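Working notes, beginning with the structure itself.
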Amino acid sequence: MSEHSHSATDTRIAEIVNGNQVVLFMKGTPLFPQCGFSSRAIAILEHLGVEYASVDVLQDMEIRQGIKSFSDWPTIPQLYIGGEFVGGSDIMMEMFEAGELQQMVEGLKQAG
Amino acid sequence: MAMPANEIEALIRTALPGAEVTITDLAGDGDHYAAHVVAPEFAGKSRIAQHQMVYRALGGRMGGELHALQLTTAVPT
């Protein structure tokens with residue numbers, strides 16, 4: 001268990017996460033989310049008015065499974081900002097309500 | 001697939017003995033829950049780490065037999 005082999009899927013995920021300042025791994029698309037939790041995550045991102053990329057895990061079984069071990073997180077959606085795992089929709093909601101997500105996004109705008 | 005609320009609570013309390021667990025059956029169907037977990041074990045941990053501790057307590061069920069669990073965590077005040 002301690003030895004985590006770096007698979008091709010991990011590499012692909014790392015490229016996506018590092019290549020996009022804000023990226024959401026979700027079920028469905030921003031226009032047609034296929035799950036309530038993904039829908040909630042999109043609503044938060046839209047409310048933030050931030051540019052984001054999205055990956056539909058339903059279209060890619062390797063990423064759908066791989067993302068869970070990548071972040072040691074069992075569920076989808078998953079939000080990454082600046083290459084770091086931020087959380088799922090519950091944490092997004094908590095951070096949004098606390099104003100923390102807004103701060104993270106502002107930080108990106110200033111850095112970029 | 002459904003999972004009774006008391007089973008969820010028992011799993012969490014086994015892993016986090018100091019935890020106060022409040023479970024709400026959101027849809028009344030034994031399948032869509034909200035859990036609020038307040039545990040001294042969370043002290044000093046990030047939100048992600050706190051949620052991971054709960055997910056670990058639930059074994060492999062999260063994302064499988066337990067699809068819809070809204071989770072909030074806190075340290076007792």
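Please treat every number below as a calculation from the coordinates, not as lab data. Note that the structure is a prediction, hence the values are computed from the model and not measured. Positions of Cβ are generated from backbone atoms using ideal geometry, with glycine treated the same way; all protein chains shown enter the neighbour counts.
Per-structure values
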{"read-out": "Inter-site label distance for A:GLU84 and B:ALA74 at 7 Å from Cα along Cβ, in nm", "value": "2.4 nm"}
{"read-out": "Net charge, B:VAL75 excluded, C-beta distance under 12 Å - Lys, Arg +1, Asp, Glu -1", "value": "0"}
{"read-out": "Sites B:ARG13 and A:LYS109, calculated FRET efficiency, Cβ-Cβ separation with R0 35 Å, nearest 0.05", "value": "0.25"}
{"read-out": "MRE, 222 nm, helices only [DSSP H, n ≥ 4, -39500 (n - 2.57), over chain A, to nearest 500]", "value": "-15500 deg cm²/dmol"}
{"read-out": "Rounded, prolate or oblate (a/c below 1.5 giving rounded, otherwise prolate when a/b exceeds b/c) for region A:28-69 by Cα gyration tensor", "value": "prolate"}
{"read-out": "Cα shape, chain B, gyration tensor, a/c 1.5 rule", "value": "prolate"}
{"read-out": "Cα gyration tensor shape for chain A, rounded if a/c is under 1.5, else prolate or oblate", "value": "prolate"}
{"read-out": "Tilt relative to chain B, helix B:5-15 - C-alpha long axis, 0 to 90 degrees, to 10", "value": "30 degrees"}
{"read-out": "Neighbour-count order for A:ILE63, B:ILE48, fewest beta carbons within 10 angstrom listed first", "value": "B:ILE48, A:ILE63"}
{"read-out": "In range of the label at A:ILE16: residues from region A:92-112 whose backbone nitrogen is under 19 Å from the point 7 Å along Cα→Cβ", "value": "A:92"}
{"read-out": "Cross-link reach list, aspartates and glutamates versus A:LYS109, counting only Cα pairs under 19 Å and skipping chain neighbours closer than eight places", "value": "A:GLU46, A:GLU51, A:GLU84, A:GLU100"}
{"read-out": "Inter-label distance, nm, simple model (7 Å from Cα along the C-beta direction), A:GLN102/A:MET61", "value": "4.4 nm"}
{"read-out": "Taking chain A and dividing mean pair separation by its residue count, relative contact order in percent (alpha carbons under 8 Å, at least six apart)", "value": "31 percent"}
{"read-out": "Other protein chain Cβ atoms within 10 Å, averaged over every residue that makes up B:62-72", "value": "4"}
